[in-house]
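Just below is one structure, and these are the notes that go with it.
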Amino acid sequence: MFYRLKTDFRLSIITLLGASAILGITPFAVFRFVQGNLLAALVDVTILAGIIVSVTYAWLTGRTERSGLFLAVMTSSSAVVVGAVTGEPGLFWVFPCLVTSFFLARPRLAIIINIGAILALMVQVDIFRSAVQMWSFAAGAVVVSACAYVFAHRNESQRERLEHLATIDPLTGVRNRRSMDQELALAVASADRTGLPYAVALLDLDHFKKINDEYGHSVGDEVLVDMVALTRQNTRRTDHLFRYGGEEFVLLLPGTHGAGLKTALNNLQQILRKHLKHPGGPVTASFGVAQLAHGESVDSWLARADAALYQAKASGRDCIIYADPDPEQSETASSQEECSLT
Ligand SMILES: Nc1nc2c(ncn2[C@@H]2O[C@H](COP(=O)(O)OP(=O)(O)OP(=O)(O)O)[C@@H](O)[C@H]2O)c(=O)[nH]1
């Protein structure tokens, strides 16, 4: 739970808003109810219910963008309704709503939401004591929105940059192991929920140390970059490639299994064999492949792919070994494809 709050900025804002709303609005709802102001109490309870549903949705589905947008629209329209029902005192709630919009929704959407809320309040002229007060409110709301926009925009671009630096391998441009851990955990959760098949292929270049030793580290680096480019060009847009470490990569293939998986990987193996080169000749790769089994953990899934890769290396390299999650479907615990014993 704390890990998700630490790593997902929008989820932390949604949760903070939910907690503050429960603590801040509940006493008002009770107070208004006791006072007999049932309409205002009902508005408070509706706002609270909407916030609780939205926070729960964000936690359960991880779709914080949708939940954040819903919350931004809901809190702003609630501020308008509270302003209309309670008059001048309700206007104070508009300002925190204008600020939080920028942390819940994308800056451009937040601007639209805020302009809508400000205009919706201004057309209800009865709320304001005078035209001067109305225009003062409008000017204050615009200034608050503009400052919040600048702050949120800078914050978002710096966060994106940091996220990029923390998740990308600088040499090849593919995502690193840290990012892979998150993606595989999401894949396991998605497979549990939707039943979508997932496979991982651990891909390791053969005799890579020799390339470094004979032609230098920079040639080795070029081979890694070429390998990534070839893999990206010859896999689906929905497949994800990660650098696992050194010359070892992980290819995550969502929605691929059985014969389709074998065709995709045989094709990739042949393309690497044909097009991946160093000054002394072609470079080949060995593959260890595992299909995610029902209820399996990320560690066990990767361990099976790793064992299959080990077997591929032991079988002579330039080889694909499939770990079999269900021994009943096959006579052996793994199957071997296209091994060229060298
Ligand atoms: N050029 C370059 N080399 C790297 C990089 N990361 C790791 N290596 C080298 O990759 C080599 C991996 O060597 P080994 O683990 O022995 O693997 P191998 O020579 O490919 O042997 P097999 O995997 O058994 O076929 C080591 O020499 C590392 O120094 C990198 O970013 N660039």
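For a distance above 22 Å, tell me the whole-number percent of Cα pairs in the range 2-167 that qualify.
46 percent
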Taking a ≥ b ≥ c as the square roots of the eigenvalues of the Cα gyration tensor, with a/c under 1.5 meaning rounded and otherwise prolate when a/b exceeds b/c and oblate if not, the range 161-212 is oblate
Taking a crude spin-label model, label points 7 Å out from Cα along the C-beta direction, the MET134 to LYS277 distance in nm is 7.6 nm
Placing each pseudo-label 7 Å from Cα in the direction of the beta carbon, ARG177 and GLN124 end up separated by a distance in nanometres of 5.7 nm
The relative contact order of the range 177-337, taking Cα pairs under 8 Å that sit 6 or more residues apart, comes to a percentage of 26 percent
Check: C-alpha center the range 196-232 vs C-alpha center the range 94-131, spacing in Å is 53 Å
Of the range 135-179, those with amide N under 14 Å from the point 7 Å along the Cα→Cβ vector of HIS217 are 171
extent check for the chain: Cα max minus min per principal axis, descending, whole Å, gives 89, 46, 28
Computed over the chain: longest principal axis from alpha-carbon atoms vs helix 94-104 long axis, angle to nearest 10 degrees, is 10 degrees
Tilt, helix 131-167 to longest principal axis of the chain (alpha-carbon atoms), in degrees rounded to tens, equals 10 degrees
Computed for the chain: size of charge dipole around the Cα centre, +1 on C-beta of each Lys and Arg, -1 on C-beta of each Asp and Glu, debye to nearest 20, value 1120 debye
For the range 127-212 the trypsin sites (Lys or Arg not before Pro) that pass both the DSSP coil test and the at-most-10 other-Cβ-within-10 Å test are ARG129
In the chain the accessible area split gives carbon plus sulfur, as whole percent at 1.4 Å, a share of 63 percent
What one gets for the range 177-337 as the Kirkwood radius, inverse of mean 1/r over different Cα pairs in Å, is 15.9 Å
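Net charge near SER67: determine it from the other residues with C-beta under 13 Å of the C-beta of SER67, scoring Lys and Arg +1 and Asp and Glu -1.
Computed value for this residue: +1.
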Residues other than ILE25 with Cβ under 13 Å of its Cβ, Lys/Arg counted +1 and Asp/Glu -1, net out at 0
Once both label points are put 7 Å beyond Cα along the C-beta direction, the ILE168-VAL85 separation in nm becomes 4.8 nm
The distance between the Cα centres of the range 241-301 and the range 143-160, in whole Å, is 41 Å
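The values are calculated or read from the model by the stated rules, or taken from the named source; none is laboratory data. Since this is a predicted model, take the numbers as computed values, not measurements. In this analysis, Cβ positions are derived from the backbone assuming ideal geometry, glycine residues included, and neighbour counts consider all displayed protein chains. Side chains included, ligands, DNA and RNA excluded: accessible areas come from the protein's heavy atoms. Shrake-Rupley method; radii C 1.70, N 1.55, O 1.52, S 1.80 Å.
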